[in-house]
Amino acid sequence: MRKKVIAGNWKMNKVLSEANSFVDEVNGKVPNSDNVEAIVCAPFLFLPSLVEKTASSNVKVAAQNMHFEDNGAFTGEVSPVMLKDLGVTHVVLGHSERRELFAETDETVNKKAHAAFNHDLTPIVCVGETLEQREANETMSLVETQVKKGLEGLSAEQVAKTIIAYEPIWAIGTGKTATSEQANEVCTHIRNVVKEITSEDIAEKVIIQYGGSVKPANIDELLAQSDIDGALVGGASLEAESFLQLVEAGSK
Ligand SMILES: O=C(CO)COP(=O)(O)O
């Protein structure tokens, strides 16, 4: 059975003292379990402190983005080398907010996915459609393209280690969750795409998360679906108590 991965994406929220208090509160409460992995995706500035604070806990720390080059004249950017050096383990790539507001494309996501593996970071690759695309029946083909282009050129072993997050844009921060059936339908399609580009064995291993208005009240139903292996959570991950409830749901 695949483990469940619960990742809290804080986006551009909190100040350092709040970030520190959050991990102080959750550190001892996240179980050491083969069933569930808990990740906090934090702004760059908090990463050194959070990595240090979680060193002996079961909480992992992710960045929300990175550049694909190791170093160079890229003012304002942060490289995979810097993240690895700090002890960060995961990086979110291609979040819809970065695609929409910061010109992220499938091509840059792909370069970043390669860069992540070059530095032993686990990428969480986000895909998902807008409401217009869903209404135009383009969801499956769009998500398929995003997965294929985003993962292009990775080895089968690397694809197996990649976390794919399906986040329908119309369900992000809107309170509108995709029904668990709608979410699962797309996650199943993603697994089939992974099978097509690698093998059935790899497709059975890859972790596929759902994201979009996930909260303690709806996570059980989502995680009960055949192809949903966790959640990428925005709003409901900001409070330690609700984050812990989500992790608890994942550990069942
Ligand atoms: O974008 C998301 C996580 O990356 C989802 O955000 P919400 O859980 O706030 O809808």
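Tally up the residues in region 232-252 that are touching a strand residue (DSSP E or B) at 6+ places or on another chain (Cβ under 7 Å), small (Gly, Ala, Ser) and over 15 Å from Gly175 (Cα atoms), please. Final tally of qualifying residues: 2. Scoring Asn118 on the criteria (1) touching a Gly at 6+ places or on another chain (Cβ under 8 Å); (2) surrounded by fewer than 17 Cβ atoms within 10 Å (Cβ to Cβ) leaves a single failure, condition (1).
When Thr108, Thr89 are checked against the criterion of being more than 16 Å from Ile163 (Cα to Cα) and open to solvent by less than 50 Å² (accessible area, probe 1.4 Å), a single residue qualifies: Thr108. Number of residues in region 222-236 that are surrounded by fewer than 18 Cβ atoms within 10 Å (Cβ to Cβ) and either within 14 Å of the ligand (Cβ to nearest atom) or under 19 Å from Lys14 (Cβ atoms) (or both) equals 0.
Listed here are the residues, each with its yes/no results for (1) open to solvent by less than 30 Å² (accessible area, probe 1.4 Å); (2) over 30 Å from Asp227 (Cα atoms).
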site	(1), (2)
Gly8	yes, no
Lys14	no, yes
Glu18	no, yes
Ser21	no, yes
Ser33	no, no
Leu50	yes, yes
Val59	yes, no
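Against the definition (buried (at least 22 other Cβ atoms within 10 Å of the Cβ) and polar (S, T, N, Q)), how does Thr162 come out, yes or no? Considered against the rule, which asks whether it is buried (at least 22 other Cβ atoms within 10 Å of the Cβ) and polar (S, T, N, Q), Thr162 comes out as yes.
Suppose we keep only residues that are of a type outside the set (S, T, N, Q) and open to solvent by less than 10 Å² (accessible area, probe 1.4 Å) within region 168-186. Which one would you say is farthest from the ligand (Cβ to nearest atom)? That would be Val186.
Looking across region 7-28 at every residue that is within 16 Å of Gly235 (Cα to Cα) and among the aliphatic types (A, V, I, L, M), the one that is nearest to the ligand (Cβ to nearest atom) is identified as Ala7.
Before we move on, is Val147 within 15 Å of the ligand (Cβ to nearest atom), closer than 19 Å to Ile202 by Cβ, modelled with pLDDT of 95 or more and crowded, with 24+ Cβ neighbours inside 10 Å? No.
Residues of region 191-215 that are within 16 Å of the ligand (Cβ to nearest atom) and either within 12 Å of Ile164 (Cβ to Cβ) or of a type in the set (Lys, Arg) (or both): Ile207, Ile208, Gln209, Tyr210, Gly211, Lys215.
The values are calculated or read from the model by the stated rules, or taken from the named source; none is laboratory data. None of these values were measured; they are calculated from a predicted model. Cβ sites come from the backbone with ideal geometry, for glycine too, and all protein chains shown count toward neighbours. Please note that ligands, DNA and RNA were not included when accessible areas were found on the heavy atoms of the full protein model with its side chains. Shrake-Rupley method; radii C 1.70, N 1.55, O 1.52, S 1.80 Å.
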